[in-house]
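The values are calculated or read from the model by the stated rules, or taken from the named source; none is laboratory data. Nothing here was measured: the structure is a model prediction, and the numbers come from that model. Positions of Cβ are backbone-derived with ideal geometry, glycine not excepted, and every protein chain shown enters the neighbour counts. The protein model used for the area step is the full one, side chains on, heavy atoms only, and it has no ligands, DNA or RNA in it. Shrake-Rupley method; radii C 1.70, N 1.55, O 1.52, S 1.80 Å.
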Amino acid sequence: MQKQQEKHSKELKKCRVLGPVATIFASSTTGSWRLERPVIDYEKCIKCGTCERFCPTNVIDVYKDRAECVVINYDYCKGCGICVNECPSKCMKMIPERGEE
Amino acid sequence: MFDIQHKSKGLVSHGVSACAGCGLELIMRNVMSVLGEDTVILIPPGCSALFSGYGNESGLKIAGFQGNLENTAACAAGVRAALNAQGNYHTTVLAFAGDGGTVDIGLQALSGVLERRDRIMYICYDNEAYMNTGIQGSSSTPFFASTTTTPSGKPTSRKNLMEIAIAHDIPYAATASIHNLNDFKKKLKKAMETDGPSLIHIQTPCPTGWRYDPGKSVELARLAVQTGSWILFEYEDGRVTINSKLKDLKPITDYIEIQGRFKHLTEEQKAELQDYTEKYYHRYIKKLENMNIETEEHATA
Amino acid sequence: MVFKMLDGNEAAVEAMKLARVQVISAYPITPQSSISEKLSDLVAAGELKAEYVRVESEHTALSVATTAGLTGVRAATATASNGLALMHEILSMTSGNRVPIVMPVVNRGVAAPWTLWCEHGDAMAQRDMGWLQFYCQNVQEVLDLTLLAYRVAEDERVLTPAMVCLDGFFLSHSMQKTQVPEQRLVDDFIGPYIRKNTYIDPDDPMFCCDLTGSDEFTEMRYQQKYAMDNSIDVIEEIENEFEIRFGRKLHIVEGYKTEDADVVLVALGSMCGTAKYVVDKMRQEGKKVGLAKVTVFRPFPVKQLKEVLKGKKVIGVFDRSAGLGGQGGPVWSETSALMMNENCDIRNYVGGLGGRDVTIDNIEKIYNELLEIKEGKRTVHTEWIDLKENPMELRQVTKNV
């Protein structure tokens, strides 16, 4: 069933519809809400994937084969801090978004 | 057919305007990852409607309909009936509503679906108050919790949704918690494969409504279970499995003292809540276990 | 063509069966109950291949029908009175999503006071919810207008749900000889359900009915208004087709002996049968009276009713609902607005409430009053035509003081 999502809408026929309907899949840049951002101490990271699993916005990727093993998409990260709170090796922390305090 | 303007890892958009640290957002992503594309979702107005979208933009990549607050289960029944009429028995029909839309205004429609044995999967994300309209108390708001309509704390305890589901003797019902996602996903899979109505009741920490640091959503869900405030169990074809049977409960203060909604509690009230929670927990565990004993006695008789 | 003895509810069921509805969700309520029962009988007997959802309320009944309709099938429900009132919130959901459901409404007054019997107050209360409304004079019209309503509602230029209103007991439970068309002819007329607008389909997903901002809401309401405006021409066109296929003429507004009439009464529903009888009777006495039977109340048939009422100086309008707090009943208000720039005297009559029969005598009394007004012999009319004497002194209780 995955195929339908891969097709680009330009190839398909557009038709006018009546009434409320949403046909565009889009994301708001919720990263702009952030007051604090999570940062990672890669030395201490055990690459367990806890932060990835609990991220409500699903924007954390953990790569076991990379030095900078945790990648966060800051376009959408709202800075909630769940990843930092749940990190078992305490290798993450929140830092203020604008300058040092 | 959706016009995909932004890429996403799953079926849920990354940038949805749920509050930072929202338990519901984590739930929605996990639900969609298990259920997949062959799903129709029914969403009432409320926090979950943030995922149905605004204007011509949706936050979900699957077919869906936003019904009214009290008819989520009924709308699901309509979709199921129409799919059946067209010979489609494979698509999962998911009703996804909050506590208000489930245990309060939507209870009648839900009862109808459960009694008729419609093949609907129902998830109640329970953030324990009417959060989208501004944190008013619901019948799922726990004892003593402060909301904008229970400002000095709710004087009564919560309605038990699972007991209502069990009273309908549906094939599958379970509670879940966001701190144990593997357990939640396992339950989602079972609910999805149930031939008949299934219900998952999942506690949904809400930083805005419960007034705590958004980083503590998962921690609070864990503490709710550890203090006996939220019990994890499954009801499967008349048999109960308790997933969170604890030897010792953590003190309730561990759970409530980090939440603003319990800030007004006096020491006496905290003690009362401790006493109430403990007694309720032990009584309820016993009740669930008795249910199995009765089932077994009946089977051997 | 087969003749059957059917009551109004059976005729509605017959039409729904002929339309091959695929999902049924109806909740019984007097005097609609036999519709719910007959439909379940048909499904149980295998005479109608449909999913029957035995719902727990009217609210759920219409919710099920609405989402089933969006999921791509022809869905059926029916209701009356308080059931229709309970559906109120969903009525707007159905019409706003442009789901073309056809729903028989068996007219009965809305409590309180509790009544089981006919009046139009239930349907009139829902007149602005974006549904088409047809009012039937007799059992044959129940069948014909229901079949017609499927074509109109599902037409691409309309895509608007329709209520087919039949008077409780007077039609729903009165047996009349009814022509029932063959299935083949109805199949040719209505055809299988084809989705023409938004839909719920896991193979081709879209999200229906999400939040709409003020930047688009007005336009979406306008689309509904535009459909309503279109529908009157569509009804006319399909009525012509109906006549060719089935040999019976349906009217949006029927002018009965109105051409040379001195006074005309505007009325809806089963009382039109009585009114026609009175017209014939009074004409034998040399009194030139006529009847404007309004079959389509939503959209309001501006052109058609104006045509019938053209040049009439004295017009009576019979409302079978109280229109509380208004200047008059809903039919009178609409007629008055229609004739705003015509120099005529339009009198409102209210009656037939809560099952009170609209009698020959009362209609005759109305016509005589209208004729006297026309001749300048009378200024006031009896607005509540069948009101008993001393209405304020109906019941007494003994109280502790």
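Restricting the search to helices (runs of 4 or more DSSP H) fully inside the range B:26-129 and requiring at least 2 residues that are open to solvent by 10 Å² or more (accessible area, probe 1.4 Å) and over 24 Å from B:P205 (Cβ atoms) gives B:72-85, B:107-116. Scanning the range B:25-35 for residues that are in contact with a helix residue (DSSP H, G or I) (Cβ under 9 Å, 6 or more places away or on another chain) and at the interface with another protein chain (Cβ under 8 Å from one of its Cβ atoms) yields B:E25, B:L26.
Taken together, the criteria exclude C:Y226 from residues that are outside any strand (DSSP E or B) and open to solvent by less than 70 Å² (accessible area, probe 1.4 Å). The residues in the range A:58-67 that are within 14 Å of A:C48 (Cα to Cα), modelled with pLDDT of 95 or more and in a loop (DSSP other than H, G, I, E, B) can be counted, and the count is 1.
Checking the condition closer than 17 Å to B:E128 by Cα, more than 16 Å from the chain's Cα centre (by Cα) and surrounded by 15 or more Cβ atoms within 10 Å (Cβ to Cβ), which residue from B:K216, B:K263, B:K250, B:K270 passes? Working first, answer last.
On the way: B:K263 fails: surrounded by 15 or more Cβ atoms within 10 Å (Cβ to Cβ); B:K250 fails: closer than 17 Å to B:E128 by Cα; B:K270 fails: closer than 17 Å to B:E128 by Cα.
That would be B:K216, the only listed residue that is closer than 17 Å to B:E128 by Cα, more than 16 Å from the chain's Cα centre (by Cα) and surrounded by 15 or more Cβ atoms within 10 Å (Cβ to Cβ).
For the range C:70-104, a residue qualifies if it is open to solvent by 10 Å² or more (accessible area, probe 1.4 Å) and within 8 Å of chain B (Cβ to nearest Cβ), and the qualifying residues are C:G72, C:E89, C:M93.
Can you confirm whether the range C:381-393 contains a residue that is of a type in the set (D, E, K, R), open to solvent by 80 Å² or more (accessible area, probe 1.4 Å) and touching a helix residue (DSSP H, G or I) at 6+ places or on another chain (Cβ under 9 Å)? No. Only a single item in (1) open to solvent by 10 Å² or more (accessible area, probe 1.4 Å); (2) within 14 Å of chain B (Cβ to nearest Cβ) is not met by C:Q179, and it is number (2). Looking only at residues of the range B:219-243 that are in contact (Cβ under 8 Å) with a residue 60 or more places away in the chain and either of a type in the set (S, T, Y) or within 14 Å of chain A (Cβ to nearest Cβ) (or both), we find that the one that is farthest from B:G260 (Cα to Cα) is B:Y235. Please enumerate the residues belonging to the range C:274-302 that are open to solvent by 10 Å² or more (accessible area, probe 1.4 Å), in contact (Cβ under 8 Å) with a residue 60 or more places away in the chain and within 23 Å of C:H381 (Cα to Cα). Residues satisfying the conditions are C:T274, C:Y277, C:K281, C:K287. Out of curiosity, is C:D188 over 19 Å from C:D229 (Cα atoms) and not assigned by TED's automatic domain parsing to the domain that holds C:G351? Here the answer is yes, as C:D188 does meet what is asked. The set of residues from the range A:15-35 being crowded, with 18+ Cβ neighbours inside 10 Å and either more than 10 Å from every other protein chain (Cβ to nearest Cβ) or not in a loop (DSSP other than H, G, I, E, B) (or both) comprises A:V21, A:A22, A:F25, A:T30, A:G31. May I ask you to verify whether B:S17 is over 16 Å from the mean Cα position of the chain (by Cα), open to solvent by 30 Å² or more (accessible area, probe 1.4 Å) and facing another protein chain (nearest Cβ under 7 Å)? When the stated conditions are applied, B:S17 passes them.
Does B:Y281 satisfy being aromatic (F, W, Y), open to solvent by less than 10 Å² (accessible area, probe 1.4 Å) and modelled with pLDDT of 95 or more?
Yes, satisfied.
Whenever a residue of the range B:52-70 is more than 10 Å from chain A (Cβ to nearest Cβ), its partners that are open to solvent by 10 Å² or more (accessible area, probe 1.4 Å) and β-branched (V, I, T), lying with C-beta atoms within less than 6 angstrom and at least six residues away or across chains, give the pairs B:L69/B:I105; B:E70/B:I105.
If you filter the range B:269-301 down to residues that are assigned to a helix (DSSP H, G or I), of a type in the set (A, V, I, L, M, F, W, C) and free of Cβ contacts under 8 Å to residues at least 24 places away in the same chain, you find that the one that is farthest from B:K247 (Cα to Cα) is B:A299.
Condition (residue is over 27 Å from B:G215 (Cα atoms), in contact with a helix residue (DSSP H, G or I) (Cβ under 7 Å, 6 or more places away or on another chain) and crowded, with 21+ Cβ neighbours inside 10 Å) applied to the range B:3-14: is it met by at least one residue?
Taking the range B:3-14 first, the residues over 27 Å from B:G215 (Cα atoms) are B:3-5.
Restricting the remaining residues to those that are in contact with a helix residue (DSSP H, G or I) (Cβ under 7 Å, 6 or more places away or on another chain) gives B:3-4.
Keeping just the survivors that are crowded, with 21+ Cβ neighbours inside 10 Å gives none.
Scanning the range B:3-14 turns up no residue that is over 27 Å from B:G215 (Cα atoms), in contact with a helix residue (DSSP H, G or I) (Cβ under 7 Å, 6 or more places away or on another chain) and crowded, with 21+ Cβ neighbours inside 10 Å.
On the stretch given as the range C:252-265, residues that are open to solvent by less than 60 Å² (accessible area, probe 1.4 Å) and either β-branched (V, I, T) or touching a Lys or Arg at 6+ places or on another chain (Cβ under 7 Å) (or both) total 9. Close Cβ contacts (under 6 Å, 6 or more residues apart or on different chains) running from residues in the range A:39-66 that are over 22 Å from A:K78 (Cβ atoms) to residues that are open to solvent by 70 Å² or more (accessible area, probe 1.4 Å) and of a type in the set (D, E) comprise A:Y42/A:E68.
Against the test of being β-branched (V, I, T) and surrounded by 22 or more Cβ atoms within 10 Å (Cβ to Cβ), the options C:V23, C:V43 yield a single qualifying residue, C:V23. Taken over the range C:13-57, the residue count meeting the criterion of being more than 14 Å from every other protein chain (Cβ to nearest Cβ) and among the acidic types (D, E) is 4. Scanning the range B:71-100 for residues that are at the interface with chain C (Cβ under 7 Å from one of its Cβ atoms) and of a type outside the set (S, T, N, Q) turns up B:A74, B:C75, B:A77, B:G78, B:V79, B:A81, B:A82, B:L83, B:A85.
Tell me yes or no: at least one residue of the range C:197-215 is open to solvent by 70 Å² or more (accessible area, probe 1.4 Å), assigned to a strand (DSSP E or B) and not assigned by TED's automatic domain parsing to the domain that holds C:R347. Checked the range C:197-215: at least one residue is open to solvent by 70 Å² or more (accessible area, probe 1.4 Å), assigned to a strand (DSSP E or B) and not assigned by TED's automatic domain parsing to the domain that holds C:R347. When you look at B:S139, is it of a type in the set (S, T, N, Q), within 16 Å of the chain's Cα centre (by Cα) and more than 14 Å from chain C (Cβ to nearest Cβ), yes or no? Against the criterion (of a type in the set (S, T, N, Q), within 16 Å of the chain's Cα centre (by Cα) and more than 14 Å from chain C (Cβ to nearest Cβ)), B:S139 qualifies. Count of the range C:127-158 residues, restricted to those that are within 12 Å of the chain's Cα centre (by Cα) and either open to solvent by less than 10 Å² (accessible area, probe 1.4 Å) or free of Cβ contacts under 8 Å to residues at least 24 places away in the same chain (or both), is 10.
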